[in-house]
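The values are calculated or read from the model by the stated rules, or taken from the named source; none is laboratory data. The structure displayed is predicted, hence computed values, not measured ones. Cβ placement follows ideal geometry from the backbone for every residue including glycine, while neighbour counts extend to all protein chains displayed. SASA here: full protein model, heavy atoms, side chains in, ligands and nucleic acids out. Shrake-Rupley method; radii C 1.70, N 1.55, O 1.52, S 1.80 Å.
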Amino acid sequence: MSSSSSSSSSLPSTKLPVKPIPGDYGLHFFGPIRDRLAYFYNEGRDKFFANRIQKYQSTVFKTNMPPGPPIASCSHVICLLDAISFSVLFDASKVEKRDVLDGTFLPSLAYTGGHRVCAYLDPSEPKHTSLKSFFLSTLAARHHKFIPFFQIGLSELFNELEAQISTKKEAYFNTLSDTMSFNYVFRLFCNKNPSETKIGSQGPKLVDKWLLFQLAPLGSLGLSPKILGYFEDILLRTFSFPFFLVKSDYKKLYDVFYEFGSSVLDEAENEFGIERDEACHNLIFLAGFNAYGGMKVLFPGLIKWVALAGQTLHRRLADEIRAVIKAEGGVTLSALNKMVLAKSVIYEYLRIDPPVPFQYGKAKVDLVVESHDVAFEIKKGEMIFGYQPFATKDPKIFVNPEEFVADRFVGEEGEKLLKYVYWSNERETEDSTAENKACAGKNLVVLLCRVLLVEFFLRYDTFQVEASTFMFAPSVTFKSLTKASSST
């Protein structure tokens, strides 16, 4: 397997041959439209990238990314699709992360109370350090709640799952998961069940609408025939959706987070010097966009991949989980760390189907970026785009990269591959700090995925689902669920 360095330093330091970046942007206005229609409707997302790799015989090339004109003034990107070149996106000295969370366009700041929240900031900006430090501190102060609060939510979810399968013979997982996820996040940050506040059970719907109106230009319903897709394209990508359509919904979220998140906001003001209003909008973004929004994709995706892996893996997971829990006496961090197969399954899921597939950055300086055997020059100011599912399925790094290999990360050799798992906007082997853009909750995400597996296989032996994709997330419906044949 290749182990080339991740990227070169400034020009012209590289031992690899430097070649021009292949590809083109097409004619002004028409080129981006051409690529956008190919991406969403004529080819589809993965084929769009695979076809260009084949065409240019390169994992680095020029193209356009949605939404394009008229919403985005410039859609030009340099696309990185291998594990080696992709990692330049983690280097804050070479790549700027200012206002690139959603790629080539920035939703109206009205959606975040007029503030550029932490996710829009580059680490070099002073506010990034204070806001990211605030996030990390907030999470650290609540670490003792991570597992017990999640267990409460999972118990509620499983009870409802069983009830629906009993009465309807099937259960749509996403809605149940969304409710559990929102309740968990709100309890974690506000120490209150949202049903006891004025938003009641409406939290997921309020956040979903807020998310959709921001991200609609990047999505598609997958309509067919193509003529309907083209109509959708005009509808979603001619104008950005105005904030006033969700203003009252967002105000409801703001009010409950401001009231019940008061201890968190006190910490932001008193310890990090962040104005209370700005802290509240950042807290909503952290809880609603980053945490809940991520979980909308994360948990259905995990269930899908474990279901598709079949009964043999289910039995192996159940055997490991139940044996460790019996020996340890409960679900603890110590117990979780001894479940090597369960841990590997989570990493393999995050590798093969990362919940946030896109990463962007602008070159801060002129660069030479290396792929496996060729180097390319990228000029200061050019937008760099990485499509993570291709980078983390790089065949020069991973054996059988398109297959879900449950024990891929087991053992010393398996653990060496973790540095090529990039789901958190950083290598899995690196920590999230105030100085980088790694997900503040990266360790919490892995922990919750492991707890979900553990609690599931303590309760059930096996299960079957039907899975598809809708907008940005897997859509999962349980068709059968077999309770554990023996208690632990």
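Values for this structure:
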quantity	calculated
Only one of GLU271, GLU267, GLU278, GLU259 that is part of a helix (DSSP H, G or I), in contact (Cβ under 8 Å) with a residue 24 or more places away in the chain and open to solvent by less than 20 Å² (accessible area, probe 1.4 Å)	GLU278
Flag for VAL451 being surrounded by 18 or more Cβ atoms within 10 Å (Cβ to Cβ) and either at pLDDT 95 or above or in a loop (DSSP other than H, G, I, E, B) (or both)	yes
Members of region 266-290 found to be β-branched (Val, Ile, Thr) and over 11 Å from CYS118 (Cβ atoms), listed by number	ILE284
Residue ID - most open to solvent (accessible area, probe 1.4 Å), chosen from residues in region 285-303 that are touching a strand residue (DSSP E or B) at 6+ places or on another chain (Cβ under 8 Å) and farther than 18 Å from LEU458 by Cα	LYS296
Single condition ASP249 does not satisfy, out of (1) surrounded by fewer than 18 Cβ atoms within 10 Å (Cβ to Cβ); (2) of a type outside the set (Val, Ile, Thr); (3) touching a residue at least 40 places away in the same chain (Cβ under 8 Å); (4) farther than 24 Å from TYR41 by Cα	(1)
Any hit, region 83-100, residues being in contact with a Phe, Trp or Tyr (Cβ under 6 Å, 6 or more places away or on another chain), surrounded by 23 or more Cβ atoms within 10 Å (Cβ to Cβ), in a loop (DSSP other than H, G, I, E, B) and at pLDDT 95 or above	yes
Residue in region 119-132 that is free of Cβ contacts under 8 Å to residues at least 40 places away in the same chain, open to solvent by 50 Å² or more (accessible area, probe 1.4 Å), more than 28 Å from TYR184 (Cβ to Cβ) and not basic (Lys, Arg) present	yes
Filter result (hydrophobic (A, V, I, L, M, F, W, C) and either open to solvent by 10 Å² or more (accessible area, probe 1.4 Å) or assigned to a helix (DSSP H, G or I) (or both)) within region 48-64	PHE48, PHE49, ALA50, ILE53
Unmet requirement for PHE385, which otherwise passes all of (1) open to solvent by 20 Å² or more (accessible area, probe 1.4 Å); (2) in contact (Cβ under 8 Å) with a residue 60 or more places away in the chain	(1)
Residue that is most open to solvent (accessible area, probe 1.4 Å), among those in region 400-426 that are polar (S, T, N, Q) and over 21 Å from ALA309 (Cβ atoms)	ASN425
Yes/no for LEU350 being assigned to a helix (DSSP H, G or I), touching a Lys or Arg at 6+ places or on another chain (Cβ under 8 Å) and open to solvent by less than 20 Å² (accessible area, probe 1.4 Å)	no
